[in-house]
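Reading through the structure tokens given below for one structure.
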Amino acid sequence: MSEPSHCRVKLLAKPEVSLSQAVASSPGLRSVGWQALASLTLKLNPTLTAEVFSSDFPTRYGTVPSYFAKPRAYGMGGVIVESGGVSLPKVKVYHTVQPLSLCLIHGYHANFYGQYEVAEATVKLMEELGVKRLYILAGYALEGEPVCCAASTRSLLEEAEKAYGLKPGYVGPFLGFSGLLAGLAGNHGMDGLCLFGKTKPTPESPERPDREASEKLYRKICEILKVAP
Amino acid sequence: MKVRWRQVSTGSFENSRLIVGMPDVGLAGKQAVDYLVQELKPTLLFEAYSTHFPAQVIVTKEGLIELLKCELYGWRNPEGGGDLLLLTGNAQPLSPEGQYAFVRELLEKAEELNVKEVYSLSGYLVEFRPPEKEPSIYAVATSQELLAELKSKLGLSQLEKGSIEGVQGLVVGEAKVRGLKGVCLLAETPGYSTPSGRPIVDAKASKALLKVLTQILKVEVDLSGLERQAALTEEFMERVSQLEQQVLEQVLKVGRQPPKEKPYYV
């Protein structure tokens, strides 16, 4: 059964070299991963490579939090206004070549009907850019280490512990764009390593930033990428 | 694409019976089919992915990331009494349109594999099930004759009124539309869960389902593994219940503390 695609990818600047690694995040628990990715983006000053649009991207969500997608909770379509300008909601894909070749993915949560399609389109784009390994940044709210991990393969888990002292610590569902990206990347033969920064949930405002947790996560991804924080 | 089927292997099957066990209340039906897969060691034929599954992956205890998927297995009956197709999974589509699409495509696949009968297994939520009581099994069927046969031969209770939500219900309804025989067996379960709300497998309900199903199918399966699991679940739930009682007593004790100043009444 096939349906018309609600997703389109606009390629803006294809890098001349293959980007073997990618770091991704999306708005989520206490914005731990999202803020860490913002810090990394600021640090590396990357070029905008591509944008992924979807007619299933609301600007006002029908669910709280935004990544808790449910059937029939379509949300409302619209544009994002910033400094008087307007733009469509989108996944933004950036790249850097120096000091390291890296792809940076700023995710956006679709409603229930677009989540898989958007994640699949983003994974295909990563494949075209040559990505072999994906790091996902997110938050977790359990007792444990300041940063714990999950991976697409056992060998990657072993590597994460040996090389960076990372251990599994979160068990359960990983919701939304970032979770699906990690799962689908694995299906496309990419290595996926998720880094979860420990935080405390604030149910009244689930995405309220936890800057301390983000900072710890940022330092860990910098250590892995060998970038000075 | 609402459903994507990935063919893993092929096989030919005769007079097949499709057994469906999806995530349900008490995970009774899912565990029953998972147990059959474990014991019969069938061949994995297809993996099914759906954009209407919950938008999430699962992080396992080992720290591995798993996409949500269903698996369709095939088992050749060495006794020749009809083969089995077994469907299990860690998710089912959430939306009605996703559930309908999934069920239709599943039955198309099953018909290609010569399915003749469809059996769906599920839990049936009850408020309380005494620990010493074996779960009752309720049945619904695509025809009154079939239902009468099940009731008379196996002493099953008839589900009088209500609905069976999800793929486990729809698959029997769609089977009827296609002219296939269909039965849904439902086992009483209190729908165990941890204090944080995570569902716990009700292996006792799964065992009760399989006891009936294996008689219908005339397939022998050693159920002792489920008995051990059921005992562990009962033990765990007993501990949880004791813990809850202790917490309740503590709360009541604090609530009953005498006030520091003696009240004065005129």
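The values are calculated or read from the model by the stated rules, or taken from the named source; none is laboratory data. Note that the coordinates shown come from a computational prediction; the quantities given were computed from them, not determined experimentally. So basically every Cβ, Gly included, is an ideal-geometry build from the backbone, and we count neighbours across all protein chains shown. Ligands, DNA and RNA are excluded from the accessible area calculation, which covers all protein heavy atoms including side chains. Shrake-Rupley method; radii C 1.70, N 1.55, O 1.52, S 1.80 Å.
Observations on the structure shown:
- Test: residue in the stretch A:175-186 that is more than 16 Å from the chain's Cα centre (by Cα), open to solvent by 10 Å² or more (accessible area, probe 1.4 Å) and either away from chain B (no Cβ under 13 Å) or on the phi < 0 side of the Ramachandran plot (or both): no
- Residue in the stretch B:140-161 that is within 13 Å of another protein chain (Cβ to nearest Cβ) and surrounded by fewer than 18 Cβ atoms within 10 Å (Cβ to Cβ) present: no
Condition check ((1) loosely packed, with under 15 Cβ neighbours inside 10 Å; (2) more than 14 Å from chain B (Cβ to nearest Cβ)) across all residues:
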residue	(1), (2)
A:152	no, no
A:158	yes, no
A:172	yes, no
A:196	no, no
A:200	yes, yes
A:207	no, yes
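- Test result for residue B:242, out of contact with any strand residue (DSSP E or B) (no Cβ under 9 Å at 6 or more places or on another chain) and closer than 27 Å to residue B:160 by Cβ: no
This table checks each residue for (1) closer than 23 Å to residue B:96 by Cβ; (2) crowded, with 18+ Cβ neighbours inside 10 Å; (3) within 14 Å of chain A (Cβ to nearest Cβ); (4) not aromatic (Phe, Trp, Tyr).
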| position | (1), (2), (3), (4) |
| --- | --- |
| B:11 | no, no, no, yes |
| B:45 | no, yes, no, yes |
| B:51 | yes, yes, yes, yes |
| B:67 | yes, yes, yes, yes |
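- Residue A:72 passes every criterion in (1) within 14 Å of chain B (Cβ to nearest Cβ); (2) open to solvent by less than 60 Å² (accessible area, probe 1.4 Å) apart from (2).
- The set of residues in the stretch A:137-150 being more than 8 Å from chain B (Cβ to nearest Cβ), buried (at least 24 other Cβ atoms within 10 Å of the Cβ) and under 13 Å from residue A:165 (Cα atoms) consists of A:147 alone.
- Residue ID - nearest to the other protein chains (Cβ to nearest Cβ), chosen from residues in the stretch B:179-200 that are in a loop (DSSP other than H, G, I, E, B) and open to solvent by 30 Å² or more (accessible area, probe 1.4 Å): B:198
- Some residue of the stretch A:123-143 being more than 23 Å from residue A:51 (Cα to Cα) and at pLDDT 95 or above: yes
- Residues that are in a helix (DSSP H, G or I) and acidic (Asp, Glu) were ranked within the stretch B:23-43; the one that is surrounded by the fewest Cβ atoms within 10 Å (Cβ to Cβ) is B:39.
- Verdict on residue A:119 being open to solvent by less than 10 Å² (accessible area, probe 1.4 Å), among the small types (Gly, Ala, Ser), within 11 Å of chain B (Cβ to nearest Cβ) and over 19 Å from residue A:66 (Cβ atoms): no
- Within the stretch A:95-108, if we keep just the residues that are surrounded by 20 or more Cβ atoms within 10 Å (Cβ to Cβ) and more than 10 Å from the chain's Cα centre (by Cα), the residue that is nearest to residue A:73 (Cα to Cα) turns out to be A:103.
- Any hit, the stretch A:76-92, residues being in contact (Cβ under 8 Å) with a residue 40 or more places away in the chain and touching a strand residue (DSSP E or B) at 6+ places or on another chain (Cβ under 8 Å): yes
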